[in-house]
Each structure stands twice: as C-alpha cells, then as structure tokens.
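The values are calculated or read from the model by the stated rules, or taken from the named source; none is laboratory data. All values derive from a computational prediction rather than experimental measurement. As a convention, Cβ positions derive from the backbone with ideal geometry for all residues, glycine included, and neighbour counts pool all protein chains shown. The area values use the complete protein model at the heavy-atom level, side chains included, leaving out ligands, DNA and RNA. Shrake-Rupley method; radii C 1.70, N 1.55, O 1.52, S 1.80 Å.
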Amino acid sequence: MRPTGGSPLRTAPPHFEHRGRTESARWHWLSRGKKLVELGGAQAQWPYEALELARNADVVLAESELCEAVFGVAPASFEAALGPGPAAVLVTPFSLDGPYAGYRAGDLGIHARGGWCNIIGDPGKTPLRPGYDMIHRLQGVSALVAALASLRSRDRGGLAPFAQVDGQAVAATMTVAPWLMKRMLGTEQNRRLNDWLQGGVMQCSDGWAGCT
C-alpha cells in the first residue's frame with residue numbers, strides 16, 4: 001500500500017538528474033525489479049483483494065504498521081488470516097509477544113531500545129546513533145533470509161513457517177561487543193573515551209565520523 005502522493009522514498013536523498021528531472025537514487029535502488037499492483041475495487045474491498053493476492057503468492061513480506069490498512073487484520077492475527085500457503089515474514093518494530101508489542105518506533109527509537117545509543121558517543125554528552133535508516137536495511141536482509149529458509153522448508157515437503165523479524169532484536173544482534181564482553185569478562189561496555197585506540201565516533205572538521 002502506498003500513501004497519497006506516493007511513497008516518501010520517491011523523494012529521499014541522495015538525488016540524481018535523469019531526463020531533466022531530479023530523482024531519488026535510494027528509491028531506484030530499493031524499488032528495482034518491483035511491480036506495482038493497483039486494486040480496482042472500492043476502498044471497502046481493498047483488504048479482501050489484498051489478502052487474497054497474498055494467500056496465492058509464493059512470498060509475502062508485510063509491515064506490521066500497515067497490516068490493518070492493507071489486509072484488514074491486526075498484526076497479531078496476520079498469520080492466521082494468511083493461512084499456511086505462502087512463505088510469510090512480518091516486519092515489526094518490536095516482538096508481537098513482548099512488552100512493547102503495541103508500541104510504534106522509527107529507526108532512532110529502535111536503535112535506542114536495541115542498545116546502540118548506550119555505546120556510541122562521548123560519555124559526558126548526549127548519546128549518538130548509528131548511520132541513518134540502518135535498521136530498516138538490516139531488517140530487510142533478515143527478512144530475506146527468513147523468507148528463503150521458509151521457501152526451502154516448503155520445497156522439501158514441509159510447511160512454509162511464518163517468521164517475524166523485529167527491529168529491536170535485529171539491532172541487538174548487531175551490538176556484538178557489549179554482550180560478548182559481559183559474557184567473557186563480566187564487564188559492561190558503555191560510552192567511554194580512551195587514549196590508546198582511536199576508534200568510535202570522532203569529531204572531524206566538517207562533522208562526525210564513525211570508525212570501527
């Protein structure tokens with residue numbers, strides 16, 4: 001489902017000139033190979049048509065925040081409404097069976113709840129975040145892997161298991177060093193500065209740079 005006026009990604013930076021028009025390079029990158037299907041019925045019929053299309057697809061990737069608008073069902077009911085046919089992956093900010101199931105969050109909120117803002121930045125100043133929109137890209141990769149595993153199961157004669165990929169879990173899995181330090185050394189990694197390793201987030205003449 002696309003909002004009125006089209007997807008916000010159509011105007012997202014960086015831009016390039018194409019046939020006299022300024023277009024979004026990010027949109028062209030993420031939308032390559034995609035096909036738009038417009039449902040022809042009345043608005044009240046859209047959820048039924050969309051759900052029927054999804055039931056007959058090989059793979060379904062859905063966002064929890066659009067489930068009700070597109071399919072007419074709550075995110076927690078999406079698996080049951082879809083049935084056992086397609087390899088389905090539901091992308092959510094937080095786990096649907098966890099304490100934040102009803103919460104909404106963007107990239108910054110997910111980074112904070114996933115632990116990133118606790119380990120980036122000067123300890124005497126406000127915390128920093130990783131690069132913009134990183135979680136959505138990582139969720140996309142994780143959703144792809146989950147969908148491929150589901151398809152493999154179906155092709156081998158089993159069911160196509162339903163998968164959920166929540167952003168908080170994805171963010172947490174990328175903060176390898178803190179939990180490894182806690183497990184192996186018993187110490188917690190917090191935001192800190194040091195003299196012996198020029199790493200982390202450093203101030204440059206024209207802004208900040210992250211160095212691992």
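Criterion first (open to solvent by 80 Å² or more (accessible area, probe 1.4 Å), within 30 Å of V60 (Cα to Cα) and at pLDDT 85 or above) does V91 satisfy it?
So V91 fails the test.
So for segment 152-159 (the condition being in contact with an Asp or Glu (Cβ under 7 Å, 6 or more places away or on another chain) and farther than 16 Å from A62 by Cα), does at least one residue qualify?
Start the filter on segment 152-159 by keeping residues that are in contact with an Asp or Glu (Cβ under 7 Å, 6 or more places away or on another chain), which leaves none.
The answer is no, given that none of the residues of segment 152-159 is in contact with an Asp or Glu (Cβ under 7 Å, 6 or more places away or on another chain) and farther than 16 Å from A62 by Cα.
Given the criterion within 24 Å of S77 (Cβ to Cβ) and over 24 Å from the mean Cα position of the chain (by Cα), identify the matching residue among R154, R183.
R154
I'd like to verify a number: residues in segment 108-137 that are farther than 12 Å from V201 by Cβ and open to solvent by less than 40 Å² (accessible area, probe 1.4 Å), how many?
7
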